[in-house]
1. For segment 83-101, check the following and say yes or no: at least one residue is modelled with pLDDT of 95 or more, over 12 Å from the mean Cα position of the chain (by Cα) and open to solvent by 20 Å² or more (accessible area, probe 1.4 Å).
2. Whether any residue in segment 182-190 is open to solvent by 60 Å² or more (accessible area, probe 1.4 Å) and without any contact (Cβ under 8 Å) to a residue 40 or more places away in the chain is what I want to check.
3. So which residues in segment 76-103 are assigned to a loop (DSSP other than H, G, I, E, B) and free of Cβ contacts under 8 Å to residues at least 24 places away in the same chain?
4. Just checking, which of Ile168, Ile161 is aliphatic (A, V, I, L, M), modelled with pLDDT under 95 and open to solvent by 20 Å² or more (accessible area, probe 1.4 Å)?
5. Scan segment 4-23 and report the pairs whose first residue is under 15 Å from Gly126 (Cα atoms) and whose second residue is open to solvent by 70 Å² or more (accessible area, probe 1.4 Å), with Cβ atoms within less than 8 Å and a gap of 6+ or a chain change.
6. Where the second residue is surrounded by 14 or more Cβ atoms within 10 Å (Cβ to Cβ) and polar (S, T, N, Q) and the first is farther than 13 Å from Ser112 by Cα and lies in segment 61-75, which pairs have Cβ atoms under 6 Å and are six or more apart or on separate chains?
7. Restricting to segment 104-121, and then to whatever is open to solvent by less than 20 Å² (accessible area, probe 1.4 Å) and assigned to a strand (DSSP E or B), can you tell me which residue is farthest from Ser149 (Cα to Cα)?
8. Every residue in segment 147-189 that is touching a Ser or Thr at 6+ places or on another chain (Cβ under 9 Å), closer than 18 Å to Val100 by Cβ and either hydrophobic (A, V, I, L, M, F, W, C) or assigned to a strand (DSSP E or B) (or both), please.
Amino acid sequence: SVVKRLQKDRKKYQNQLSAKKKEVNALNREIARIIAQAMKTDDQKKKDQQRAQVDMKLDGEFADNKGKLPWPADGPVVGRFGKHYHPVYKNLQLPPNNGVDIALSKGSGVNSVFEGTVTQVFVMPGYNQCVLIQHGNYFTLYCKLKTVSVKAGDKVDTGDIIGKVDTINGDTQLHFEVWQNTKPQNPESWLR
């Protein structure tokens, strides 16, 4: 009976895992599309020499602050960057995490970790509202927001509140990512 229960639970977990993989893959495709679009737009803007100099300055400043950026919100990391396996079914690989998940109290504010321009605000199933901010050739992504206080094109400074976290399926967590061009980075290596 234990084996039958575990097999039944395994099917349930595999179905949940399959649904989560679809959500993660959809988010990753949308992020890659938005970043590629922003980079294409940036390439067009770089024809203007002054704009190109501003982008290089921002890129250098962001890169120089690796390991020094403030956290977007105060809370423990409950989901780490990279590939992981199911805690019970060790051979089931979970969808890769391109960022970190930070547990927060309900209604906590979420702050920009560095000055930049809001590239896009969008909604993704399973992640609710998301904000993508460009910092030269770097991007930061803030997901699982209930409310957003910025819009595309807004300039933000370090520490500016961009929204409030939401509770999804009983969990109040911020999903945060750092990208260099189209390559995801481990956010924990960028944050203090």
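The values are calculated or read from the model by the stated rules, or taken from the named source; none is laboratory data. Quantities reported herein were computed from a predicted structural model and do not represent experimental measurements. As a convention, Cβ positions derive from the backbone with ideal geometry for all residues, glycine included, and neighbour counts pool all protein chains shown. Just the protein is used for accessible areas: all its heavy atoms, side chains included, with ligands, DNA and RNA removed. Shrake-Rupley method; radii C 1.70, N 1.55, O 1.52, S 1.80 Å.
1. No, segment 83-101 contains no residue that is modelled with pLDDT of 95 or more, over 12 Å from the mean Cα position of the chain (by Cα) and open to solvent by 20 Å² or more (accessible area, probe 1.4 Å).
2. So far as segment 182-190 goes, yes, one or more of its residues are open to solvent by 60 Å² or more (accessible area, probe 1.4 Å) and without any contact (Cβ under 8 Å) to a residue 40 or more places away in the chain.
3. Within segment 76-103, Lys83, His84, Pro87, Lys90, Asn91 meet the criteria.
4. Of Ile168, Ile161, the one residue that is aliphatic (A, V, I, L, M), modelled with pLDDT under 95 and open to solvent by 20 Å² or more (accessible area, probe 1.4 Å) is Ile168.
5. Glu23/Pro125
6. Going by the 6 Å Cβ cut-off, there are no qualifying pairs.
7. Selected residue: Gly116.
8. Across segment 147-189, the qualifying residues are Ile162, Gly163, Val165, Thr172, Gln173, Leu174, Phe176, Glu177, Val178, Trp179.
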